[in-house]
Amino acid sequence: MSFFSIVEQYRDFDFTGFFERVTAADVERSLAREKLSAMDFLTLLSPRAAGHLEQMAQRAHRLTLQYFGRTVQMFMPLYISNYCTNGCAYCGFNHKNPILRRTLTLAEIEAEARAMASTGMRHVLFLTGEAPQVTPMTYLVEAARCLKRHFASVAIELYPLEVDEYRQLAEAGVDSMTLFQETYDQEVYRRVHMAGRKRDYLWRLDAPERAARAGLRGVNLGALLGLAEPRRDLFHTGLHGRYLEHTFLDTEVAISLPRFNEAECGEFRPDFTVDDKTFVQFMTALRLFLPRAGLTVSTRERAEFRDRILPLGATRYSAASSTGVGGYTATPAEQTPQFEITDTRSVEEVAAAITAHGYQPVYKDWDLIA
């Protein structure tokens, strides 16, 4: 069974009609349930539920304290290549964009790792575009081994891989993966992914399952909010998370909430926007639906906004991020970012903000014991 079978169950579902029929009493009933059903979750994503945001926030806060305490794990992303064969309408790495393309050598990865580790950070996420001929498995395995010498946790955000390829990376020290479906709306997916292997919706959709089968400790999902109708995309993201939790009991599931951020070289404009209030509604609804799932909020978001939403369910923050290749040792002129960073604070500044709100910033929270 694949999660695609669940996606298909909702292909003809009348989301608009459902949202129009939701009443305040429906929202109250869903909030009163200890464990939310799929329809309870959808009810809390409805426009009507925005009027109950305070109740949702209070319960989300309690659940987050119950499962995660007052801790926020921090990590840094490292882009090691921006070569890409895909034609994603919204992405700065689109193969048609006339940007400076670069792939780090292993020596350069080592230098980046040293610079990042000097901040005290011990969790790293390394990323590439989708160009397997430029960043083949041999290169990715060596990159993982290099980073593992400096970090307790090495995560990946790469093009979708086979089970055996994920297993090779796990053996090299990788413990988790991030992969955004971007949108679960198949029609929109085809429209915005105009070239490259990323056009294969199902191959991408099943990648987190392949990673879990390979033994990766964690998988992190997400939809780029704004590409398609965001309430539908968030609903499918939550269902995907619950499916993985139930199917792979030893795998930690996390959800990211990336909102659309204008790409460096593109003129793409999303059909939808997600304002701050709706973002908070989405985050609290996810926490109520998936109490044990990590929730990641990246530096796409404004510093003051990230600070305000700390108590509402977020458990993982990026810090001092660079979305350009070699972003921690290269000059800005040598980089082309995948998207623009909004929270530009240093690791120390993000940690201080977390502490000021009564939470503990976690630079390192586990070691892999062989």
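Conditions (1) in a loop (DSSP other than H, G, I, E, B); (2) modelled with pLDDT under 95; (3) in contact with a strand residue (DSSP E or B) (Cβ under 9 Å, 6 or more places away or on another chain), marked per residue:
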| residue | (1), (2), (3) |
| --- | --- |
| Thr237 | no, no, yes |
| His240 | no, no, yes |
| Asp250 | yes, no, no |
| Ala254 | no, no, yes |
| Lys277 | no, no, no |
| Val280 | no, no, no |
| Met283 | no, no, yes |
| Arg287 | no, no, yes |
* With (1) exposed (fewer than 14 other Cβ atoms within 10 Å of the Cβ); (2) at pLDDT 90 or above as the list, and Ala333 as the residue in question, which single condition is left unmet? -> (2)
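State all residues of segment 289-311 that are assigned to a helix (DSSP H, G or I) and surrounded by fewer than 21 Cβ atoms within 10 Å (Cβ to Cβ); if no residue qualifies, say none.
Result: Ala303, Glu304, Phe305, Asp307, Arg308, Pro311.
Could you please let me know if Tyr67 is touching a Pro at 6+ places or on another chain (Cβ under 8 Å) and more than 27 Å from Arg197 (Cβ to Cβ)?
Spelling it out, Tyr67 is indeed touching a Pro at 6+ places or on another chain (Cβ under 8 Å) and more than 27 Å from Arg197 (Cβ to Cβ).
Mind listing whichever residues of segment 148-187 are under 18 Å from Tyr317 (Cα atoms), among the aliphatic types (A, V, I, L, M) and either without any contact (Cβ under 8 Å) to a residue 60 or more places away in the chain or surrounded by 19 or more Cβ atoms within 10 Å (Cβ to Cβ) (or both)? Spell out how you get there, then give the answer.
If we filter segment 148-187 for residues that are under 18 Å from Tyr317 (Cα atoms), which is where we start, we get 151-157, 175-180.
Right, trim to among the aliphatic types (A, V, I, L, M) and you get 152, 154-156, 177, 179.
The answer is Val154, Ala155, Ile156, Met177, Leu179.
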* Asked: Is there a residue in segment 24-47 that is under 27 Å from Arg300 (Cα atoms), in a helix (DSSP H, G or I) and in contact with a Pro (Cβ under 9 Å, 6 or more places away or on another chain)?
  -> no
* Structure fact -> The residue from Asn82, Asn86 that alone is within 24 Å of the chain's Cα centre (by Cα) and either of a type in the set (A, V, I, L, M) or within 27 Å of Pro230 (Cα to Cα) (or both) is Asn86
* Asked: Do we have any residue at all in segment 88-98 that's of a type in the set (Gly, Ala, Ser) and modelled with pLDDT under 95?
  -> yes
* When residues of segment 54-96 are filtered for being hydroxyl-bearing (Ser, Thr, Tyr) and in a strand (DSSP E or B), how many remain? -> 3
* To do: Count, please, the residues in segment 164-215 that happen to be among the hydroxyl-bearing types (Ser, Thr, Tyr), under 24 Å from Gly294 (Cβ atoms) and touching an Asp or Glu at 6+ places or on another chain (Cβ under 8 Å).
  => 4
* within 25 Å of Thr85 (Cβ to Cβ), buried (at least 16 other Cβ atoms within 10 Å of the Cβ) and touching a His at 6+ places or on another chain (Cβ under 8 Å): does that describe Ala144? -> no
* Asked: Name the pairs whose Cβ atoms lie under 8 Å apart, with the first residue in segment 293-304 and farther than 18 Å from Ala223 by Cβ and of a type outside the set (S, T, N, Q), the second surrounded by fewer than 21 Cβ atoms within 10 Å (Cβ to Cβ) and modelled with pLDDT of 90 or more, and 6 or more positions between them or separate chains?
  -> Ala303/Arg345
* To do: For residues that are farther than 21 Å from Gln9 by Cα and of a type in the set (Asp, Glu), scanning just segment 216-258, find the one that is nearest to the chain's Cα centre (by Cα).
  => Glu252
* **Pairs where the first residue, in segment 4-33, is without any contact (Cβ under 8 Å) to a residue 60 or more places away in the chain and more than 19 Å from Leu290 (Cα to Cα) and the second is part of a loop (DSSP other than H, G, I, E, B) and not β-branched (Val, Ile, Thr), C-beta under 8 Å, 6+ apart** => Phe18/Ser46; Val22/Ser46
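Could you say which residue among Gly327, Gly294, Gly313 is in contact with a strand residue (DSSP E or B) (Cβ under 9 Å, 6 or more places away or on another chain), at pLDDT below 85 and among the small types (Gly, Ala, Ser)?
Answer to the selection: Gly327.
The values are calculated or read from the model by the stated rules, or taken from the named source; none is laboratory data. This structure is a prediction, so every number in the text was calculated from the model and none was measured. Note that each Cβ is placed from the backbone with ideal geometry, even for glycine, and that neighbours are counted across all protein chains shown.
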